[in-house]
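Below is one structure, written out as structure tokens, with a few remarks after it.
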Amino acid sequence: METKILTVEKAEYINDYKIKALFNNGNEKIIDFKDVAYSKKGVFGKLKDLDYFKAFTIDPFTIDWNNEIGFAPEYLYEIGTTI
């Protein structure tokens, strides 16, 4: 059986610090980044700025902010709420 690497295929901004993400296993999750933005230090503090937060893109694997901030898709999957 082939093991498939988990990736984010689509993502859209919902509100506040929430993003809806579609993973390549077919599951959709709402990911709330508020705790991440306010509890992490260093570059992660940039996520507090909602304009910066909304300006994410999808790289080949995950959600990315300006090639500065990215999270492993497995982490996003784990912290997300299935919808």
query: Of the residues in the range 10-28, how many are within 11 Å of the chain's Cα centre (by Cα) and either open to solvent by 30 Å² or more (accessible area, probe 1.4 Å) or under 18 Å from Pro60 (Cα atoms) (or both)?
result: 10
field: Set Val36, Val43: member being without any contact (Cβ under 8 Å) to a residue 60 or more places away in the chain and either among the hydroxyl-bearing types (Ser, Thr, Tyr) or surrounded by 14 or more Cβ atoms within 10 Å (Cβ to Cβ) (or both)
entry: Val36
field: Test for Leu22: is it under 12 Å from Thr7 (Cα atoms) and in contact (Cβ under 8 Å) with a residue 40 or more places away in the chain
entry: no
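The values are calculated or read from the model by the stated rules, or taken from the named source; none is laboratory data. Please read these numbers as outputs of a predicted model, since none were measured by experiment. When we count neighbours, we look across all protein chains shown, and the Cβ atoms used for this are built from the backbone with ideal geometry, even at glycine. Just so you know, the surface numbers come from the protein's heavy atoms only, side chains and all, with ligands and any DNA or RNA stripped out. Shrake-Rupley method; radii C 1.70, N 1.55, O 1.52, S 1.80 Å.
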